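The values are calculated or read from the model by the stated rules, or taken from the named source; none is laboratory data. No experiment lies behind these values; they were computed from the predicted model shown. Reconstructed Cβ throughout: ideal geometry from the backbone, glycine too, with neighbour counts over all protein chains shown.
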Amino acid sequence: MNESLLVMKYGGTNMQDARAVRHSASLAARSIREGVKVVVVVSAMAGVTNQLLKLADAAQSGDIASANDEIAAMRTRHFTAAQELGAAPDSDTVREIREMHETLRQAVYGVYLLRELTPRSRDLIVAFGERLSAPLMKLALEQDGLRAHHLSGGEAGIVTDTHFGNARPLPGTYERIKDRLSGLLSAGVTPVVAGFMGETEKGAITTLGRGGTDFSATIIGKALSATEVWGWKDVDGVMSADPRVVADARNVDVLSYGEVMELAYFGAKVLHPLAVTPLQDSGIPLRLKNSADPDFAGTLVQAQPRDEAGHPVKAVTAIRNVSIINVSGAGVLGIPEVIASVFDAIARENVTLLMVSQSSSMSNVSLAVQTTDAERTLNALRAGVSLELKVEQQDHVAVLAIVGSGMRGQKGVSARLFTALAAADVNILMISQGSSELNVSVAVEAEHVDEATRAVHAAFNLGRSVTA
Ligand SMILES: Nc1ncnc2c1ncn2[C@@H]1O[C@H](COP(=O)(O)OP(=O)(O)O)[C@@H](O)[C@H]1O
Ligand SMILES: N[C@@H](CC(=O)OP(=O)(O)O)C(=O)O
């Protein structure tokens with residue numbers, strides 16, 4: 001039998017300070033000592049990605065003083081962590097962190113001089129969060145008595161397209177990762193890869209979208225035919241609802257790739273929406289585990305769902321900051337070309353539609369989009385469709401979704417959802433059901449989304465172990 005290989009991903013919370021990094025390293029070390037080969041993939045320290053985005057914006061708007069203040073604060077944070085992990089002032093780790101901060105400072109100064117922040121330069125800047133974490137994890141593994149080597153996403157072989165900010169791996173990436181990491185692994189060295197980032201074929205740094213370190217880990221898992229990919233979290237795994245909203249949310253022990261994608265798409269912050277896609281062909285399992293309780297099995301994500309009779313829904317989730325764009329125009333919208341022009345205009349803008357509904361009279365189409373995309377959507381529609389159409393925007397909306405493969409062919413699930421919302425006095429603005437029958441989603445007023453989530457969670461009895 002082949003020896004086991006695990007890809008272990010550590011998020012921002014698990015990298016937030018020296019103590020967290022040391023603990024994270026000890027979790028990897030435990031498996032390595034049991035004879036398992038491990039590839040470690042790290043995120044930026046908690047809060048660093050947002051800080052980098054903020055300071056890049058400050059530089060673009062001419063406020064180089066506050067950008068430099070933020071860089072200095074981050075630098076102190078990384079140096080303190082290195083020192084607390086035992087790095088000497090003249091060590092490689094300290095030198096590398098100093099050099100990276102210097103390059104970051106220069107890149108940010110370039111943005112300030114040009115007053116221009118392109119998606120490409122934003123990616124270069126924002127990826128420093130992960131690049132700065134990797135040497136800290138390498139150091140912690142070495143302090144634990146292991147041999148380790150850190151690499152950027154590009155150095156590890158992650159090659160992407162040029163969609164800066166939301167890049168996708170190119171097919172050749174899998175071979176390349178195998179080439180780059182196999183030698184280290186067979187020499188007994190643990191690779192520590194900076195997550196969230198890759199590079200184009202020409203070597204420009206790209207990022208994989210917010211939360212993209214999960215995606216890096218599964219890309220690497222596929223490339224190396226890993227036994228499993230483990231995502232270490234600060235929660236027990238995927239919960240039946242956001243535990244910050246629903247106090248009695250419970251861990252879901254098994255989910256299918258499809259179910260977890262729906263949950264991530266509809267706002268469950270616990271996983272990148274595309275993270276499972278590299279695993280789908282091979283059936284490599286993904287496990288989400290709590291770093292504070294490593295012996296707990298967590299959530300196993302695999303090809304097949306595991307349904308329990310009488311529990312069609314496994315989790316309820318919500319996307320906030322949504323807007324509804326209403327397109328209306330009696331008589332005009334019924335014409336197929338007009339409908340096509342609405343979707344064409346949106347497709348050109350690359351806007352993600354969260355929900356779509358069309359009235360049966362065909363005089364009205366409602367589109368739910370992230371509020372950050374609303375203006376672009378509105379402009380595209382006004383420019384690209386018939387003048388006779390009226391386009392309106394409604395803000396302060398949220399989309400709530402129930403997810404579970406047990407809904408397939410089950411009657412009464414939507415009725416139960418609507419009854420729960422009505423009893424909680426929550427008005428429904430839009431309704432949609434995926435044809436896969438993995439989810440039902442509703443748009444509600446944002447101010448009611450938390451109470452709606454709690455009401456739905458209770459109505460489907462999710463506050464208990466949801467699978468046998
Ligand atoms: N359904 C859910 N299951 C688990 N966690 C959820 C869910 N919805 C939202 N969350 C939140 O997601 C957080 C974990 O995601 P994130 O902070 O991105 O992890 P990390 O950065 O450590 O990888 C949890 O702390 C939890 O509050
Ligand atoms: N640091 C990146 C990538 C990431 O995956 O982070 P985390 O694992 O902390 O969610 C982000 O904040 O988007």
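Exactly one of these conditions fails for Lys289: (1) touching a helix residue (DSSP H, G or I) at 6+ places or on another chain (Cβ under 8 Å); (2) within 16 Å of ligand 2 (Cβ to nearest atom). Give me its number.
All conditions pass for Lys289, except number (1).
Being among the charged types (D, E, K, R) and buried (at least 18 other Cβ atoms within 10 Å of the Cβ) is the filter here; which residues of the stretch 291-305 pass it?
Result: no residue meets the conditions.
Considering each residue of the stretch 308-324, count those that are touching a Ser or Thr at 6+ places or on another chain (Cβ under 6 Å) and at pLDDT below 95, and give that number.
Looking only at that region, the number is 1.
Which of the residues belonging to the stretch 74-109 are farther than 16 Å from Ser133 by Cβ and loosely packed, with under 14 Cβ neighbours inside 10 Å?
Matches in the stretch 74-109: Ala88, Pro89, Asp90, Arg95, Glu102, Gln106.
Within the stretch 340-355, identify whether any single residue is of a type outside the set (A, V, I, L, M) and closer than 26 Å to Thr218 by Cβ, and answer yes or no.
Among the residues of the stretch 340-355, at least one is of a type outside the set (A, V, I, L, M) and closer than 26 Å to Thr218 by Cβ, which makes the answer yes.
Pick from the stretch 18-37 the residues that are basic (Lys, Arg) and over 17 Å from Ala217 (Cβ atoms): which of them is farthest from ligand 1 (Cβ to nearest atom)?
Only one residue tops the list, namely Arg33.
Tell me the residue from Glu262, Glu337, Glu349, Glu308 that is touching a residue at least 60 places away in the same chain (Cβ under 8 Å) and more than 17 Å from the chain's Cα centre (by Cα), please.
None of the others qualify; the one that does is Glu308.
Among the residues of the stretch 41-55, is there at least one that is away from ligand 1 (no atom under 16 Å from the Cβ) and either farther than 24 Å from Asp214 by Cβ or acidic (Asp, Glu) (or both)?
yes
Have a look at Pro191, Pro135, Pro169 and point out the one that is within 16 Å of Phe215 (Cα to Cα), at pLDDT 95 or above and of a type outside the set (A, V, I, L, M).
Pro169
Given the options Pro171, Pro191, name the one that is under 23 Å from the mean Cα position of the chain (by Cα), in the same structural domain as Thr49 (by TED's automatic domain parsing) and without any contact (Cβ under 8 Å) to a residue 12 or more places away in the chain.
Pro171
Would you point out the residue of the stretch 6-17, among those that are buried (at least 20 other Cβ atoms within 10 Å of the Cβ) and away from ligand 1 (no atom under 13 Å from the Cβ), that is nearest to Thr227 (Cα to Cα)?
Checking each candidate, the answer is Leu6.
Please state which of the following conditions Ser152 fails to meet, knowing it meets all the rest: (1) within 16 Å of ligand 1 (Cβ to nearest atom); (2) out of contact with any Phe, Trp or Tyr (no Cβ under 8 Å at 6 or more places or on another chain).
Checking Ser152 against (1) within 16 Å of ligand 1 (Cβ to nearest atom); (2) out of contact with any Phe, Trp or Tyr (no Cβ under 8 Å at 6 or more places or on another chain), the one that fails is (1).
Quick check on Pro285: is it at pLDDT 95 or above, in contact with a Leu (Cβ under 8 Å, 6 or more places away or on another chain), more than 28 Å from Asn321 (Cα to Cα) and away from ligand 1 (no atom under 14 Å from the Cβ)?
When the stated conditions are applied, Pro285 passes them.
Test each condition in (1) more than 9 Å from ligand 2 (Cβ to nearest atom); (2) farther than 23 Å from Ala297 by Cβ for Leu208 and report the one that comes out false.
Failing condition for Leu208: (1).
Name the one entry in Phe79, Phe128 that is away from ligand 1 (no atom under 16 Å from the Cβ), farther than 28 Å from Asn166 by Cβ and aromatic (Phe, Trp, Tyr).
Answer to the check: Phe79.
Restricting the stretch 41-66 to residues that are of a type in the set (Val, Ile, Thr) and within 23 Å of Pro135 (Cβ to Cβ), which is nearest to ligand 2 (Cβ to nearest atom)?
Restricting to residues being of a type in the set (Val, Ile, Thr) and within 23 Å of Pro135 (Cβ to Cβ), the top hit is Thr49.
Please verify whether Arg320 is within 16 Å of ligand 1 (Cβ to nearest atom), within 30 Å of Asp373 (Cβ to Cβ) and assigned by TED's automatic domain parsing to the domain that holds Thr352, treating the condition exactly as stated.
Criteria met by Arg320.
Could you say which residue among Ala226, Ala167, Ala217 is more than 16 Å from ligand 2 (Cβ to nearest atom) and under 22 Å from Tyr257 (Cβ atoms)?
From the options Ala226, Ala167, Ala217, the qualifying one is Ala226.
Go through the stretch 95-140 and give me each residue that's farther than 19 Å from Ser216 by Cα and touching a His at 6+ places or on another chain (Cβ under 7 Å).
Result: Ile97, single match.
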